[in-house]
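Quick note: the coordinates plus some simple rules give every number you see, no bench work behind them. Computed from a predicted structure; not experimentally measured. Cβ sites come from the backbone with ideal geometry, for glycine too, and all protein chains shown count toward neighbours.
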Amino acid sequence: MSFCKWVSLISILHLLDSSLISCSSSQSSNGVSQIPQRFLNFAQRDGFVDWMVGIRRKIHEHPELGFEEIETSKLVRAELDKMGVSYKYPVAVTGVVGYVGTGQPPFVALRADMDALPIQEMVEWEHKSKIPGKMHACGHDAHTAMLLGATKLLKEHEEELKGTVVLVFQPAEEGRGGAKKVMEAGVLDNVEAIFGLHVANRWESGKVASKEGPMLAASGTFEAKIHGKGGHAALPQFSIDPILAASHVIVSLQQLVSREADPLDSQVVTVAKFKGGDAFNVIPDSVTIGGTFRAFSSESFNQLKKRIEQVITSQASVQRCNATVDFFEEGRPFFPPTVNDKELHRFFKNVTGEMLGMENYEETQPVMGAEDFAFYQEAKPGLFYFLGMEKEGHPRLEGGHSPYFRVNEGSLPYGAALQASLATRYLLEPRPLHSSPQKSYKDEL
Ligand code: NI
């Protein structure tokens, strides 16, 4: 039996299923509350899972970095074409924005990121990355496959949509702020709310986690060049040693969080890059250091930024060096904090409970990681959540950005079904659903 026939048979079964539900209950809202479970049953069917897994593996074999997602974007468009889903392309260089539903308001958006990382994959398996030095080590291949899965679910149930779902296949999440470019393209101007997810190894497959309010930190990067005077390593009196100066700078930077910040206000300053010198007996001319800084409020974030610059330049001058600091605000925009809307969070918990049972929802603590989903939430009420991937009895999965990162493909149906359910249910909710935009965060960065 062809896939389409198979799907239409399922649709008939669903119609029967929902009519049975409405017969057995006087309240039509019961049918609405069955949507998530129905969608999950649909997404867990063999043909559907195999199709999503196939897409994920294809993307995994051909990872592409931010704003270079040419083949990934092509694959997404080919699948949308096959489903008969209309879309806009290009959006933000390689991005694709699809539409399912009435074409009329209200509009609700679902987002997936498509980019990979400059990491050499160390996992030996059949579908290992074929591109040396590049890898989907953060699960964005799975995110893209799940959003295509959600799109198919929505398309198959399009008659149930009371508005339009906007499907955002976004480029360049990893540090480049692709979401910012998508917002600047204006394609989400009419959207009322947006949902996004990230796979996570902290929870088991079939479980999800989120929280109201700040969930992920604001993030920035810095790089400093510390200039001294090179010379013979045996005659230090004729040189100005930038390696020693940089070492003092790094130690001083560690005091910003430990001595200057409120211990109850979580912040991070990490120097992750230290480059200088390439001989045993030569003091180099200059050293480059760089890293990241994180905070949950703009006040703390801006204070860190100011002090990082001061500490680097002042401490370098104590060591008779000159330093310049670059925060890359053009190419790598600061990420705002990821802040979940209160009402959307309540709605998310309801829909999750209907699909998985409340025992499979967990309230997460805020994490110092950052997400460019925050750019959407600056302008629109949004909800970001973690999708569990762990499998009981299996070795623990590595966290994101590890060369040993693996995805539990058994989680894909949960993500696809939950995203599709959130959008479908959102369009059926009385308006306005969300709280007023969270000004205190929105205006911060
Ligand atoms: Ni990621």
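The table that follows gives values for the structure above.
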| item | result |
| --- | --- |
| Compactness index (Cα Rg / 2.2 N^0.38 Å), the range 281-401 | 1.54 |
| Between 0 and 90°, nearest 10: helix 242-255 axis offset from the chain longest Cα axis | 50 degrees |
| Mean Cβ neighbour count within 10 Å, used as a protection proxy, ranking 357-369, 204-216 highest first | 204-216, 357-369 |
| Overall dimensions of the range 218-326 by Cα: Rg and Dmax, Å | 14.9, 48 |
| Cα-only Debye scattering, the range 77-120: base-10 log of I(q)/I(0) at q = 0.24 Å⁻¹ | -1.00 |
| 15 Å Cα-Cα reach of LYS74 towards aspartates and glutamates, excluding residues that sit fewer than 8 places from it in its own chain | GLU61, GLU64, ASP113, ASP115, ASP141 |
| Degrees between helix 298-318 axis and first principal axis of the chain (Cα, 0 to 90, nearest 10) | 20 degrees |
| The range 218-326, relative contact order in percent, only Cα pairs under 8 angstrom and at least six apart counted | 42 percent |
| Sparse-neighbourhood loop sites, GluC sites (Glu not before Pro) in the range 374-414 - DSSP loop, at most 11 other Cβ within 10 angstrom | GLU392 |
| Calculated Rg and Dmax of the chain using C-alpha coordinates, Å | 24.3, 92 |
| Mean-position separation - Cα centroids, the range 340-357 and the range 105-140, in angstrom | 27 Å |
| Selection from ILE289, ALA150, GLY353, by position along the positive dipole direction of the chain (Cβ) | ILE289 |
| Prolate/oblate/rounded call for the range 37-129, Cα gyration tensor, a/c under 1.5 rounded | oblate |
| C-alpha long axis of helix 70-83 to longest principal axis of the chain, angle in ° | 10 degrees |
| Mean separation of Cα contacts under 8 Å (6+ apart) over length of the chain, as relative contact order % | 23 percent |
| Modelled FRET efficiency - R0 25 Å, ALA233 with ASP326, Cβ distances, 0.05 increments | 0.30 |
| Total lysine pairs whose alpha carbons fall under 19 Å of each other in the range 218-326 (8 or more apart, or interchain) | 6 |
| Subset of LYS342/LYS380; LYS162/LYS342; LYS211/LYS342 violating a 18 Å alpha-carbon distance limit | LYS162/LYS342 |
| Cleavage-rule hits, chymotrypsin sites (Phe, Trp or Tyr not before Pro), the range 273-333, DSSP coil, Cβ neighbours within 10 Å at most 13 | PHE280 |
